[in-house]
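Heads up, the thing below is written out as structure tokens.
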Amino acid sequence: MITTMEEKPHVPAAPRRRKVPGWAVGLLGVAGAIVLLSVTSYQTGFLQLTSSGTTQTAVRLALPILLAGLGGLWSERAGVVNIGLEGMMIMGTWGAAWAGYQWGPWAAVVAAVVFGALGGLLHAIATVSFGVNHIVSGVAINLLGAGVTKYLSTLIFQPLSHNPRQSPPVQPFDTYSAAGLADWLGDLEQGKRLIISDVAGILRGLVTGVSPLTMLTILLVPLSYYLLWRTRFGLRLRSVGENPHAADSLGVKVYFHKYVAVIVSGGLAGLGGAALVLNPGQLSYLEGQTGGRGFIGLAAMIFGNWRPGGLLGGAALFGYADGLQLRSGGETVLALVYGVVLLLGVIVVWQLIRQRWFSAAAAIIVAVLLYLLYISLDEIPGEFVAYAPHMVTLAVLAVASQRLRMPAADGLVYRRG
Amino acid sequence: MGNLRGKLLPPALAIVFSMLLCGVALVISGANPLRAFGVMVTQVGKGSTLVDIINSTGIYYIAALAVAIGFQMNLFNIGVEGQYRVAAVVAAVVGGSIALPPGIHTLVIIIVGALAGAAWAAIPAILKVTRGVNEVISTIMMNGLAIGFSAYLIRRDVFGELRGNNIRTPEIPESGWMPGISFGGSGTMFGFLFVAIALGVGYWIMMNRTRFGFELRASGESSTAASAGGVNAKKMVLVSMLLSGAIAGLIGLPEMLGRDHTFSLNFTAGIGFSGIAIALLGRNHPGGIAFGALLWAFLDKSGLALDNVGVPREIVTIMQGSIVLSVVVAYEVVRRVELAAEQRRVGRELGTVGGAA
């Protein structure tokens, strides 16, 4: 309502440069990625690139990153930078383990959200009410989250598990598989036909061993999009992140929306902690379990240009690289480098068609360097694969930082009056 | 008067508040907070605790100085954590593989550490200056990469060697060590402490007595005013980031040159983040930082005694975290109160306050 009245008088018809809708770009991206992986696995002989096992592991590893990223999205859309995601996630892991070993997985999920949201509330009190610098508060919450969980673990988990750094085992979720579909896809995957087998492998990984938490998380992406972009509440929340003074003058409750956004952000990060604890390979709280995933979630959000769709892509990419490494080791990851060279080849042709000589030349140089890396190495050291998200984020920031668009008032302290 | 009160009151409030908070937490968990605090105080006199506290203070002091240089111009070098890790492993590798006369060897290790720290900080600095990349995000990413990079360098097929159950870099020969001051059974004080003190003095002189320090503070107060006054903003970002990284590169050296003589998996992590907290507590002032570092070191080392009375020593970490958060809140509250008082005073003197008050 508010926008239509606002826009009519003084916004000129903005030139719509993007003719293709966002969802179509997303589908094209997915299709392109599958073709690329398929061709790469065919040419290098690493069929694990698109196997169902890799996909399954990738999904599991992508969940915490995706949830942390969504947390970052909510908070930053309301103009509050949240680098305390890591601390909130740690609180979530503790809450999930504490409730999980006593009352089962659903209690773990609820407790994780509550614990994370408490961290978010603290961040909101410090940054919104007291106007503390967002980065400072985030750093403090990371310290505090780690301290509180260590203290509570020693106090509560040690008598039970005889280890202050680990909780008693947590009961897992039942997982569901679409049995008939998975078998049929399995047959197709064994067929070893270009593209078809690869698509089958990826789909089979997606429909096998799915836990309710996975489904919930996947649903949270469109839900966040709907709430933030298609409701009145979301419009107000985002207006607070773009221009709080203007929003206030239109009667939007700036503090209220910021509080809600940061608390939801903490809850989502906490849920990410639950995804770590309830991971079938782990099933307990472990000190240092989050391993910087809150920060990687933040990276996924930046990679996705502060949009839910892009964020999903970033989390999938980072989870995939991690899953591939865990599942099949550094030599398979090296095959990905070959895939990137192929991708750069396509980009070079595209840039030449558009007569952008400089970009094409830069892409050729990078492609040649990566190809030399590919033929000179036997494998990518595992130490580096784990930090691929960090490198990708730095590269994206370096190349595209001019095109990324964060909320205009992100990180600024707003004071009413 | 008001100025001094504004400076000292917030940290005092924050420490009292955090002590109360932790006291309540201890009471809830069934422990006696007074007894816990008493044990921590008496622990100072026992064994090597006092020397440990002093050593630790020196390390935290260097870390907080590194952070403070960036803070002076509103530059958030979250990457101190990664910079000192990379610097330590590079310094250990270089120090362990060269042979030089005593003194010169130590000096070379120190210079290599500072250069490596500066080099790791140069990446986010260059990204910020040339591409406008926010330094908070890029330094967080560099912290992650630093863990991977250091783990790679100490792999056995790269520079590392297996000693017992621990992977580490080759030991630095004795010519590269830095002698300390021994107190017999009460431990040995790191010789590097004198470097820390020198850094503190140098920092004070740089900030208050040089053109660079003035330009740095001016950029922090108002970047637009500073550039109108002829300060090259990009150059300031680059130089202060590199300087911050170079000092960060020294953080790992007191322990390495004075005790460990190698970089291993037991490397002390997390000092960079403590440095951020201490710089905030000390308001970037060399004296304030020294106090903050001492407090942090006391909590760390005396907290070890809490296990003896059945209190988890992690309560100390909660206390540190709550001190940081409450000190920044307290600074903000005091600032607002003083601002309001100032406005009222001006209003009274101009006679315009009327009924508005």
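Each residue in the stretch B:119-141 was checked for being facing chain A (nearest Cβ under 7 Å) and in a loop (DSSP other than H, G, I, E, B), and 2 of them qualify.
If only residues of the stretch A:353-378 that are surrounded by 13 or more Cβ atoms within 10 Å (Cβ to Cβ) and not aliphatic (A, V, I, L, M) are counted, the one that is farthest from the other protein chains (Cβ to nearest Cβ) is A:Tyr371.
Residues that are of a type in the set (S, T, N, Q), within 18 Å of the chain's Cα centre (by Cα) and closer than 30 Å to A:Asn163 by Cα within the stretch A:278-307 comprise A:Asn279, A:Gln289, A:Thr290, listed in sequence order. The residue that is farthest from the other protein chains (Cβ to nearest Cβ), counting only those in the stretch B:142-180 that are touching a strand residue (DSSP E or B) at 6+ places or on another chain (Cβ under 7 Å) and in a loop (DSSP other than H, G, I, E, B), is B:Gly180. Only residues that are part of a helix (DSSP H, G or I), more than 18 Å from B:Pro286 (Cβ to Cβ) and within 11 Å of the chain's Cα centre (by Cα) were counted across the stretch B:57-85, and they come to 2.
Inclusion of B:Val41 among residues that are in a helix (DSSP H, G or I) and closer than 30 Å to B:Asn143 by Cα is not warranted. Scanning the stretch A:401-410 for residues that are at pLDDT below 85 and surrounded by 13 or more Cβ atoms within 10 Å (Cβ to Cβ) yields A:Ser401, A:Leu404.
Taking A:Ser153 and the conditions (1) free of Cβ contacts under 8 Å to residues at least 40 places away in the same chain; (2) closer than 27 Å to B:Gly303 by Cβ; (3) of a type in the set (S, T, N, Q), which numbered condition does it fall short on, given that it satisfies the others? Just one mismatch for A:Ser153, condition (1).
Would you confirm, using the coordinates I've provided, whether A:Gly313 is closer than 21 Å to A:Leu28 by Cα, more than 14 Å from chain B (Cβ to nearest Cβ), under 9 Å from the mean Cα position of the chain (by Cα) and surrounded by fewer than 24 Cβ atoms within 10 Å (Cβ to Cβ)? Yes, satisfied.
Kindly indicate whether A:Val337 is within 20 Å of A:Ile375 (Cβ to Cβ), surrounded by 14 or more Cβ atoms within 10 Å (Cβ to Cβ), at pLDDT below 85 and of a type in the set (A, V, I, L, M, F, W, C). In short, yes.
Scanning the stretch B:327-342 for residues that are over 15 Å from B:Pro10 (Cα atoms), surrounded by fewer than 21 Cβ atoms within 10 Å (Cβ to Cβ), away from every other protein chain (no Cβ under 12 Å) and not basic (Lys, Arg) turns up at least one hit. Quick check, is A:Ala124 buried (at least 18 other Cβ atoms within 10 Å of the Cβ) and either more than 14 Å from every other protein chain (Cβ to nearest Cβ) or outside any helix (DSSP H, G or I) (or both)? So A:Ala124 does not fit the description; no. Test B:Val93 against the criterion of being free of Cβ contacts under 8 Å to residues at least 40 places away in the same chain and crowded, with 20+ Cβ neighbours inside 10 Å, and give yes or no. Taking the combined requirement at face value, the residue does not satisfy it. Residue under question is A:Val132, and the condition is that it be assigned to a helix (DSSP H, G or I) and at the interface with chain B (Cβ under 9 Å from one of its Cβ atoms); does it hold? No: the conditions fail for A:Val132. Are there any pairs, at least 6 apart or on different chains, whose C-beta atoms fall under 7 Å, with the first in the stretch A:396-415 and under 14 Å from B:Gly132 (Cβ atoms) and the second loosely packed, with under 13 Cβ neighbours inside 10 Å, and if so, which? Short answer, once both residue conditions are applied: A:Ser401/B:Gly132. Among the criteria (1) small (Gly, Ala, Ser); (2) more than 30 Å from A:Leu155 (Cβ to Cβ); (3) at pLDDT below 85, the one B:Ala341 does not fulfil is (3). Please enumerate the residues belonging to the stretch B:305-326 that are more than 7 Å from every other protein chain (Cβ to nearest Cβ) and assigned to a helix (DSSP H, G or I). Result: B:Ala305, B:Leu306, B:Asp307, B:Asn308, B:Val309, B:Val316, B:Met319, B:Ile323, B:Ser326.
Let me confirm something: among A:Leu143, A:Leu194, A:Leu155, A:Leu160, which residue is in a helix (DSSP H, G or I) and either among the aromatic types (Phe, Trp, Tyr) or away from chain B (no Cβ under 14 Å) (or both)? Testing whether each residue is in a helix (DSSP H, G or I) and either among the aromatic types (Phe, Trp, Tyr) or away from chain B (no Cβ under 14 Å) (or both) leaves just A:Leu160.
The selection criterion, being modelled with pLDDT of 85 or more and either under 30 Å from A:Asp187 (Cα atoms) or not in a helix (DSSP H, G or I) (or both), holds for A:Leu61.
Yes/no matrix, rows are residues, columns are (1) part of a helix (DSSP H, G or I); (2) at pLDDT 95 or above:
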position: B:Ser219; (1), (2): yes, no
position: B:Ala226; (1), (2): yes, no
position: B:Gly230; (1), (2): no, no
position: B:Lys235; (1), (2): yes, no
position: B:Ser240; (1), (2): yes, no
position: B:Gly245; (1), (2): yes, yes
position: B:Asn266; (1), (2): no, no
position: B:Gly272; (1), (2): yes, no
position: B:Lys301; (1), (2): yes, no
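Here are some residues: B:Ser240, B:Ser274. Which one is under 14 Å from the mean Cα position of the chain (by Cα), under 30 Å from B:Phe149 (Cα atoms) and of a type in the set (Ser, Thr, Tyr)? It is B:Ser274.
The values are calculated or read from the model by the stated rules, or taken from the named source; none is laboratory data. This one's a predicted model, so the numbers in the text were calculated from it and none came from an experiment. Glycine gets a Cβ as well: all are built from the backbone with ideal geometry, and neighbour counts include every protein chain shown.
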